[in-house]
Every structure is written in structure tokens, then in C-alpha cells.
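The values are calculated or read from the model by the stated rules, or taken from the named source; none is laboratory data. This structure is a prediction, so every number in the text was calculated from the model and none was measured. No Cβ is skipped: glycine too gets one built from the backbone with ideal geometry, and neighbour counts run over all protein chains shown.
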Amino acid sequence: MQTKPRLLTVLDFVTAALFVLATGMVFFYAPLEAVMGQVQRVFYFHVAAGWVGMLSFLVAAIAGVVYLTSTNRKWDIVSLSAIEIGIVFAFINIVSGSIWARPIWNTWWTWDPRLTTATVMELIYAAYLMLRQGIEDPDRRARFGAVYAIVGFVSVPLTFFSARLFRTIHPIVIGTNEAGAEGDFDMTPMMLQTFMFSLLTFTFIFADLLWHRIRVGRLADKVEQLRLKTIE
Amino acid sequence: MTCDTQDTVRNPLLSFLRALSAVVWKDLSAEMRSRELLSAMLVFALLVILIFNFALDLDPKTRQESTITAGVLWVIFTFAGTLGLNRSMAVEKDRGCIDGLLLAPVDRSAIYFGKTIANLVFMLIVEIIVLPIYSLLYNVNLFQPGLLLVTLLGSVGYVAVGTLLATMAVQARTRDVLLPILLFPVVLPIVLGAVKASGGFLDGIEMAEIRPWLNLLVVYDIIFIAIAFMVFDFVVEE
């Protein structure tokens, strides 16, 4: 049993401090948006969560490629950990977006390309977890997981592109058509600083969670190997 | 098999093609004898038409939009396709044929492309039978060259990803429910593109407006055939 690295403890504290600071900036430093009012403040963490979601899935796909070329179990743990974090943050992204959209677009949901892509992404990675659950052999589970992480990630831009094409050629009447334009605003420097700081904070949260999750994954791996050994 | 072994040893492409055609031929002749896969897919397709007929009221007098026709067709193809893909890989797994295939001294990608082509043939047969039946039932002409091209492009992409994912799904514990869950979110661009392009051809929209969709289908086909070709080894490795 390895002890918790000092650096990880430091990272924990830095992340917590950054998060408190970012929350403070969102509520007290960033100015009130003239048209949308208080609800606009959700934007900072909304985009930051979306960024972490995308980053995690990218990390998972890259870790998948590295696993397939090296067959080092470490990379499988990285891939799984990143996807679990990604699912949570993509979900936060969708929910916070809905909260914002209700007063601004007057609907919880529209089939805008970004929303569609976010939903499909959640479904892909939910399928990833189900795939892993159905396979007992650890090596095969890792291989299949890596393959699906790659296939899933490659399909995401195509989904986004097709959903955008879908809307531009045939505009839809229900809901807002120009979803990107509705609720658009120009950021003041203070808003931009808050936004950038939120992105930085969430990237730290991602790194911190990933590190913790990888440690848990290593332990789970060890337990599984011991169990297989006793069966033999 | 007319070419001699000397020839195949010298020419790797020739031996690849021979292995490929052997896999395709094995699937087709097995299907010709049992007919269990095609009959299941076809009956299922007809049942889906029946259900949609009542669920969406497909009568052309009440339904003018061709997007409905395109949408129903692609729902039929994707669902029937999943049925076929699952069965085609489950047969290999259950009877231990996949181990025999893997033991054969041929390139693994020959097995992948062989299975893909066989699955594509099954899907195209179902489509070739469903299209005239649909035309007959709802009095629309579905035999337009553009629509057939879309059907082909869509099926290629669908089967290319589907064969890869079905190979993984049949090796999992929850295999029957797993394939559609794995396949549908990934194959969404194909369904979207195919529905839009088919609807466009049925409406007689200008080619310039349909072309982006055709491009999307072609790009998807190329990307996913390439990826499946690269990763298939890892999916069948023991």
C-alpha cells in the first residue's frame, strides 16, 4: 500500500483554494450582465465543466491509443478514470446549461448542435461503462475499452458537424433557431478574467480528481489480481 | 480456386484477396443453407413497417413529407441491421468458428473485411427487398439512383462500425442488449446524413444541397473503415 504523495496533498489544497476563489470571483468580482442578470453567472462554471468534459474524453482516447500500443495496464486505468470524470463534468455542463436556457431561451432544451453532441457524448461514454461491466477478463476489458474510447471520440466531431448541418439546411420553428445568437453577450475584461480563472480552476480540479481516481484504480487492479491469484 | 499456391506465396495481395473471398463465401453459403439471418431480418423489417404504419399513420394522403419516408426507411435499416450483425457474430462465437478463423494463417484484417462484406451483402439484400415493398405499399417511387447511392453509402458506414462493435459485443456477458447501445450513438452521423440525403432525393432538391450530406457519408465511411481496420486485431486477440 503506497502512501499518498506529498504533491497530491499540495494539489488538493491548491485546487480547493482555487475553487473557493473562483466561486468568489463569479459572484462578487464579475459584473452583473445587463440583459440576462444573475443567471448569466452560471456561464463561467458551465463552460469550464464542458471544457473538462471534452478534455477528459480526449485524454481517455489518447490513453486508449497508448494502451493498445504498449499494453501497459496503467494506461487503461488512466482511460477509465478520465471517462468517469468526463461523464460527471459533461453532465454538470448539460444541467447548468439547462438552468441557464430556461429563462434565456424560454425552454429547458433545444436540439441545437452543441446540445445534441453533448447528449450523444454522454450516451457513448455510458455505453463505454456498460461494455466494461460486461467483460470479466481484465486484459480483454482493457482492450475493448481502449477501442471503444477511440471509436467514440472520433465520432464526436462528426456528430457535431452533422447536427450543425441538420439545422442550417432545415431551420426548425419550435424552440430557438439561432441558438448560439440568442443569449449572446460581449464579455467585459472582468468577465473575461473570471472566465479564464474558472477554466484554470476546473483544469486543476480535473487533474486532482484524475490523480485520485488513478490511485483508486491501481488499488482496484491490485485487488482484482490478488483475487484471480487465489482462484488459481 | 484456380490459382496455385506458388502464386499466392509470391503475391501477398492475391493471398489476402483469397482469404477475404473465402470468409465472405463461407458466410454466404452458410446463409444460403440455413436462411435464418435473412429471414429474421426481413420479417423484422416488415413488422417495423407495420408498426410505423399505425404509429405514425404512413398513408401518403395524410403524410406528404418525404422526411417521414426517409426516416422510417432508415429506422428499419438500422434495426434490422443490428439484428443481422448480432446474429452473424454470435454464430461465430457460439460454435467456436471464430477460433478456427483466427487460427487460419491469414491476415486478421482479411477476416474483418470478409465479415464486413458478408454483413453488407445481407443488409443490401434486405434493403433491395424492403424498398419495392415500401414503394408498393405507400405508392412512392423509391427506385431513384440517388436514393440507392445513399442507401449504399449509409450501409457501408453502418456495417463497417457495426462489424467491429458486434465482434466486441458478442464477447461480453450482456451481448444481446449491448450492440445497439454501443452502436447507435456512434453511428448517429450516418443515420442523420442518410435520412437527410434520402429525403432530399425524394423531394427532388437540388444536388448542391444534398452534396454536403453525401460528403459526410463518404467521410464517415472512410474514417471508420480505416479505424476499424487498425483496431480489429485488438478486438479478436486472445
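Tabulated data for the structure shown
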{"read-out": "Residue tally, condition of a type in the set (A, V, I, L, M) and under 18 Å from A:Ala60 (Cβ atoms), over the range A:87-123", "value": "8"}
{"read-out": "Candidates B:Gly81, B:Gly114, filtered to the one that is farther than 29 Å from B:Gly204 by Cβ, buried (at least 17 other Cβ atoms within 10 Å of the Cβ) and modelled with pLDDT of 90 or more", "value": "B:Gly114"}
{"read-out": "Residue match in the range A:201-210 (condition: assigned to a helix (DSSP H, G or I), of a type in the set (D, E, K, R), under 30 Å from A:Leu7 (Cα atoms) and at pLDDT 90 or above)", "value": "yes"}
{"read-out": "Residue within the range B:211-226 that is more than 27 Å from B:Ser66 (Cα to Cα), part of a helix (DSSP H, G or I) and at the interface with another protein chain (Cβ under 8 Å from one of its Cβ atoms) present", "value": "yes"}
{"read-out": "Candidate set from the range A:120-138 (those that are of a type in the set (A, V, I, L, M, F, W, C) and facing chain B (nearest Cβ under 7 Å)); member that is farthest from B:Ile223 (Cα to Cα)", "value": "A:Ile135"}
{"read-out": "Every pair of residues 6+ apart whose Cβ atoms lie under 6 Å, when the first sits in the range B:6-32 and is closer than 16 Å to B:Phe113 by Cα while the second is among the polar types (S, T, N, Q) and at pLDDT below 90", "value": "B:Leu14/B:Thr8; B:Ser15/B:Thr8"}
{"read-out": "Selection count, the range A:23-73, where residues are modelled with pLDDT under 90 and of a type in the set (S, T, N, Q)", "value": "3"}
{"read-out": "Residue that is farthest from B:Leu85 (Cα to Cα), among those in the range B:103-158 that are of a type in the set (Val, Ile, Thr) and in a loop (DSSP other than H, G, I, E, B)", "value": "B:Val140"}
{"read-out": "Count of residues meeting criterion [free of Cβ contacts under 8 Å to residues at least 12 places away in the same chain and either surrounded by 15 or more Cβ atoms within 10 Å (Cβ to Cβ) or among the aliphatic types (A, V, I, L, M) (or both)] in the range B:117-147", "value": "2"}
{"read-out": "From B:Leu178, B:Leu182, B:Leu188, residue being closer than 20 Å to B:Gly71 by Cα and assigned to a helix (DSSP H, G or I)", "value": "B:Leu188"}
{"read-out": "Subset of the range A:28-39 (residues that are in a helix (DSSP H, G or I) and surrounded by 12 or more Cβ atoms within 10 Å (Cβ to Cβ))", "value": "A:Tyr29, A:Val39"}
{"read-out": "Filter result for A:Ala149 (within 23 Å of the chain's Cα centre (by Cα), at pLDDT below 85 and hydrophobic (A, V, I, L, M, F, W, C))", "value": "no"}
{"read-out": "Whichever residue in the range A:139-158 is surrounded by fewer than 24 Cβ atoms within 10 Å (Cβ to Cβ) and more than 11 Å from A:Ala61 (Cβ to Cβ) and, among such residues, is nearest to the other protein chains (Cβ to nearest Cβ)", "value": "A:Leu158"}
{"read-out": "Any chance A:Glu84 is in contact with a Lys or Arg (Cβ under 7 Å, 6 or more places away or on another chain), among the charged types (D, E, K, R) and buried (at least 17 other Cβ atoms within 10 Å of the Cβ)", "value": "yes"}
{"read-out": "Yes/no for A:Phe13 being out of contact with any helix residue (DSSP H, G or I) (no Cβ under 6 Å at 6 or more places or on another chain) and surrounded by fewer than 19 Cβ atoms within 10 Å (Cβ to Cβ)", "value": "yes"}
